[in-house]
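A short write-up of the structure that comes next.
The values are calculated or read from the model by the stated rules, or taken from the named source; none is laboratory data. Remember, it's a predicted structure, so these values are computed and weren't measured experimentally. Virtual Cβ from ideal backbone geometry, glycine too; neighbours counted across all protein chains shown. Note: accessible area is taken over every heavy atom of the protein model, side chains too, but ligands, DNA and RNA are not part of it. Shrake-Rupley method; radii C 1.70, N 1.55, O 1.52, S 1.80 Å.
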Amino acid sequence: MKITLLLLFSLTVFGQEVIKLYPGKAPGSESWNYEEKEFAPVPNNRMLFNVTEPTLTIYPAAAGKSNGSSIIIAPGGAFHILSIDSEGHDVAKFLSERGMTAFVLTYRVVKTNGSNPFQELIPLMNDFNKLNEINAPVVEMATQDGIEAIKYVKSHAIQLGIDPNKMGFMGFSAGGTLTMNVLLTAPQALKPNFIAPIYHYADAVTGKEMPYASTPAFIAVAADDNLGFAPHSIRLFERWTAAKHPSELHVYENGSHGFGMHKKNTSSDQWIHDFENWLRIRHYL
């Protein structure tokens, strides 16, 4: 019944099918009565805020190139905004063109009261303890959105033409935090088969249940990350290898925080090609 309802709550945006993850109001935020908004501080780099309705945007694998693998992509933005292009749709387009079915996840974020989310967010970035406290209830909701996304992908594997056992989860910054939370919170049967946390923030990860199955990780960050997140990626690499999970770590000399798919003429520009190579070696492309 739930699958039937989900099929009824789909629409098409810019040629891509968009799936609502819940047939009604998302559980836990039923009282949220404001609308999602879009903000573009620079051209071709949209930010979403006040997200109340979690969705998946589907990018099917290029014709004739699919080997059944798929990935869910979680944009970042400190759980206040979603960098939906550079850390979402642009990544999905790159991977789908190379044969992977990609899903861009919009997950619930903290409410912004004004029209410019950066005005409210930037002061909070000076006090991560306060930011973590504000974010905590929404991080839990976002984690459930991520798990619900996995449920959708796995339950629709035949319809989507994918292998439910070749499904990954990746994210950037807060989306990397979400990646780890989903992996460490989801039941074993719903844990992703591989992960790619990109400049993730570890201090808001609350999940604790390690995967039983071997779960390869691709980890990337810039050494000059201006938020100081490079050690978070290094510690994750050490933890993953100690747990005997395959792991690859890329620490780029420069690129700062939030490089995503931006071309900055820094060494971080290479990350997506390193990720592509890693996926090919592991037969996900």
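Considering only residues that are more than 15 Å from the chain's Cα centre (by Cα) and open to solvent by less than 10 Å² (accessible area, probe 1.4 Å), look in region 97-113 and name the one that is nearest to residue 153 (Cα to Cα).
100
Taking region 114-128, which residues are touching an Asp or Glu at 6+ places or on another chain (Cβ under 9 Å) and loosely packed, with under 14 Cβ neighbours inside 10 Å?
Across region 114-128, the qualifying residue is only 114.
Can you tell me which of (1) at pLDDT below 95; (2) in contact with a strand residue (DSSP E or B) (Cβ under 8 Å, 6 or more places away or on another chain) is the one residue 48 doesn't meet?
Status for residue 48: all satisfied but (1).
Tally time: how many residues in region 193-234 are more than 20 Å from the chain's Cα centre (by Cα) and charged (D, E, K, R)?
Going through region 193-234 one residue at a time, the tally reaches 1.
Quick check on my filter: what residues within region 20-49 are closer than 20 Å to residue 172 by Cβ and open to solvent by 50 Å² or more (accessible area, probe 1.4 Å)?
Selection gives 36, 38, 40, 41, 42, 43, 44, 46.
Give me a count of the residues in region 61-80 that are closer than 15 Å to residue 152 by Cβ and surrounded by fewer than 23 Cβ atoms within 10 Å (Cβ to Cβ).
Looking only at that region, the number is 0.
Consider region 236-272. How many of its residues are assigned to a helix (DSSP H, G or I) and either crowded, with 20+ Cβ neighbours inside 10 Å or more than 18 Å from the chain's Cα centre (by Cα) (or both)?
Adding up the residues that qualify gives 12.
Okay, residues lined up against (1) open to solvent by less than 10 Å² (accessible area, probe 1.4 Å); (2) outside any loop (DSSP other than H, G, I, E, B):
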{"residue": "165", "(1), (2)": "no, no"}
{"residue": "168", "(1), (2)": "yes, yes"}
{"residue": "175", "(1), (2)": "yes, yes"}
{"residue": "179", "(1), (2)": "yes, yes"}
{"residue": "184", "(1), (2)": "yes, yes"}
{"residue": "192", "(1), (2)": "yes, no"}
{"residue": "197", "(1), (2)": "yes, yes"}
{"residue": "200", "(1), (2)": "yes, no"}
{"residue": "208", "(1), (2)": "no, no"}
